[in-house]
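Working notes for the structure below.
The values are calculated or read from the model by the stated rules, or taken from the named source; none is laboratory data. Bear in mind that the values here come from a model prediction, so they are computed numbers and not experimental data. Heads up, the Cβs are rebuilt from the backbone with ideal geometry, glycines too, and the neighbour counts pull from every protein chain shown. Remember, those area values only see protein heavy atoms, side chains included, never the ligands or the DNA or RNA. Shrake-Rupley method; radii C 1.70, N 1.55, O 1.52, S 1.80 Å.
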Amino acid sequence: MIINYKIDKIKHKATFCFNKESPDIYKALSNLYCDKKMLLIIDKKLNDKFTKFLFKDLKKCGLKVILLKVNGSKINKNKKLLFKIIDKLIENRFTKKSVLLSCGGGVIGDVAALACSLYYRGMIYFHIPTTMTAIVDSCLGGKTGINYKNIINSVGNYYHSQNVFISKNVIELIPNREFMSGIPEIIKSGFIDNKKILSMLKSNKEKFLSRKYNFLSQLIKLTLTTKIKFFKDDVFEHSKRLNLNFGHTFAHAIEMSLQGRKTDVIRHGEAVGIGMLCEIYYSEGESKSFKQLKDLLALYNLPTNLLHLNFKKKLSLVKNEIFKNIFLDKKKIGRYPRIIKLIKIGKSKITVMKNNKKIINTINNVIFK
Ligand SMILES: NC(=O)c1ccc[n+]([C@@H]2O[C@H](COP(=O)([O-])OP(=O)(O)OC[C@H]3O[C@@H](n4cnc5c(N)ncnc54)[C@H](O)[C@@H]3O)[C@@H](O)[C@H]2O)c1
């Protein structure tokens, strides 16, 4: 199963890989016009079973593979990781016609794609997403980035993978938290575009949890199809693509407020779940959609607030930080941050948040209640 799409007349794909061995990767890479050199960037936490299969396939393609193992996690989404990759490319005399294959979650995908776009202004790029967030969201759309000066994705650009491989083998080995925390991005696509996604999640919890690939691949396909629909004619995010930010104004504010710790206390996807609740609450209070979203998050045991976290500082300070960080929203034009307002399920629009008191109420009544 393949999803084909075009950006500026250039063909791109997402390929679903049903086999343990990867004939699809072999097919894509063995006939590629390139200099037969590849930098393979792998998340250190990936299961060895998967890397073993991957290596075998890459060797069969006749590529000379240089391996770089790196750490994922948002705390490493920085210039150090970016330049580690670029240094490796320089050290090994890679060219514009060499291939970079990244294999990791959203962090490694975003940073590797940025490095790939910068080195000689762009080399050949492929990606294997290895968390659910990366599979249903970050693997497509071309957004790259690092966090800099405590601002999420403040340095980045757009660079699209030629082909993204969504592997059954990878999905089976994803640790539970990295598997579950992608669900809010799936729900997001349901709310802004396609009700069917919501009903599939609601009625198939068992199939989801037992990772039935036939079911998951259909759900992932619908989610990615929604994403493509929103970004393909608006890659630079001037209008339609903005809808994909549903939940993200509050989510990024939450993530930035929790940054700076040694461990990644909240996953991006988990923050998006709470962020969507906040954005619905800001617009319409505890409405039917609010309840529907809360129930769906609860069905999959996903956080609906931050009360479970053990804050080392005073709660009022955290609340203030979240409030301040909302104003770092990248969609902001002028003074006011912007959020996505749901008109009904399947229809949304961008709107400004002008009422500070309502923002504070939302922080108190959703994130800390
Ligand atoms: N480019 C986009 O369109 C887009 C969209 C959504 C999110 N993002 C970005 O993605 C990032 C979040 O992605 P994420 O949740 O995948 O985080 P992540 O990449 O940090 O992965 C989470 C954790 O799982 C580990 N990991 C990854 N795959 C694994 C596997 N198969 N087995 C074991 N451990 C594994 C990582 O090392 C890390 O510790 C954020 O930086 C966010 O900004 C980008």
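I need to check one value: relative contact order of region 225-369, counting alpha carbon pairs closer than 8 Å and at least 6 residues apart, in percent. It would help to have the intermediate numbers written out before the result.
On the way: 181 pairs, mean separation 40.8, N = 145.
For region 225-369, the relative contact order is 28 percent.
Between Arg93 and Lys79, what is the label-to-label distance in nm when each label sits 7 Å out along the Cα-to-Cβ direction?
Placing both labels 7 Å along Cα→Cβ, they lie 3.0 nm apart.
Compute the Cα gyration tensor for region 13-64, then decide on rounded, prolate or oblate, letting a ≥ b ≥ c be the square roots of its eigenvalues: rounded whenever a/c is under 1.5, prolate when a/b is larger than b/c in the other cases, and oblate in all that remain.
Details: a/c = 1.76, a/b = 1.24, b/c = 1.42.
Because a/c hits 1.5 or more and a/b fails to exceed b/c, region 13-64 counts as oblate.
Sorted by accessible area with a 1.4 angstrom probe, largest first, how do Tyr148, Tyr282 fall?
Heavy-atom accessible area, descending, gives Tyr148, Tyr282.
For Asp48, Asp264, give me the order by solvent-accessible area with a 1.4 Å probe, most accessible first, ignoring ligands, DNA and RNA.
So the residues, ranked largest to smallest area, are Asp48, Asp264.
Just to confirm a number: summing +1 for Lys and Arg and -1 for Asp and Glu over residues other than Phe16 whose beta-carbon lies under 9 angstrom from that of Phe16, what do you get?
+1
What's the extension gain from Asn365 to Lys324 if we count 0.36 nm per residue and subtract their Cα-Cα distance?
13.0 nm
Out of residues 5 or more away from Tyr148 or on other chains, whose amide H comes under 5 Å of its own, with H placed 1.01 Å from N in the peptide plane?
For Tyr148, the qualifying residues are Asn153, Ser154, Val155.
Quick check: pseudo-label points 7 Å beyond the Cα along Cα→Cβ at Lys196 and Tyr120, how many nm apart are they?
About 4.3 nm separates the two model spin labels.
Return, ordered by residue number, the residues of region 37-64 whose backbone nitrogen is under 15 Å from a label point located 7 Å along Cα→Cβ of Arg177.
Within reach of a label on Arg177, which here means backbone N under 15 Å from a point 7 Å along Cα→Cβ, region 37-64 contributes 45-46.
Starting from the 7 Å offset along Cα-to-Cβ, what nm value, one decimal, do you get for the label separation of Lys312 and Val265?
Going by the 7 Å Cα→Cβ label model, 0.9 nm.
If R0 is 35 Å, what FRET efficiency do you get for Cys34 and His238 from their C-beta distance, rounded to 0.05?
Values: r = 33 Å, r/R0 = 0.95.
Given R0 = 35 Å and the Cβ-Cβ separation, E is 0.55.
With every protein chain left in place, what is the accessible area per residue of the chain in square angstrom, probe 1.4 Å?
Ligands and nucleic acids excluded, the figure is 46 Å² per residue.
Mind ranking Glu237, Glu286 by accessible surface for me, highest first, 1.4 Å probe?
Putting Glu237, Glu286 in descending order of accessible area: Glu286, Glu237.
When the Karplus curve 6.51 cos²θ - 1.76 cosθ + 1.60 is applied with θ = phi - 60°, which whole-Hz ³J(HN,Hα) does each residue of region 341-351 get, with x for Gly and Pro?
Per residue, the Karplus-derived 3J(HN,Hα) values read 9, 7, 8, 7, 5, x, 9, 8, 8, 8, 8 Hz.
Roughly how much of Ile343 is accessible, in Å² to the nearest 10, using a 1.4 Å probe?
Rounded to the nearest 10, the figure is 90 Å².
Would you please put 304-317, 88-101, 154-167 in order of how densely packed they are, using the mean number of other Cβ atoms within 10 angstrom per residue and starting with the highest?
Descending mean neighbour count gives 154-167, 88-101, 304-317.
Taking K and R as +1 and D and E as -1, what net charge do the other residues with C-beta under 12 Å from the C-beta of Leu293 add up to?
Result for the neighbourhood of Leu293: +1.
Give me the number: length gained by fully extending Glu286 to Lys59, i.e. 0.36 nm times residue separation minus the C-alpha to C-alpha distance, one decimal in nm.
Between Glu286 and Lys59, full extension yields 76.2 nm more.
Using a 1.4 Å probe over the heavy atoms of the protein chains, calculate the carbon and sulfur portion of the accessible area of the chain as a whole percent.
Carbon plus sulfur share of accessible area: 53 percent.
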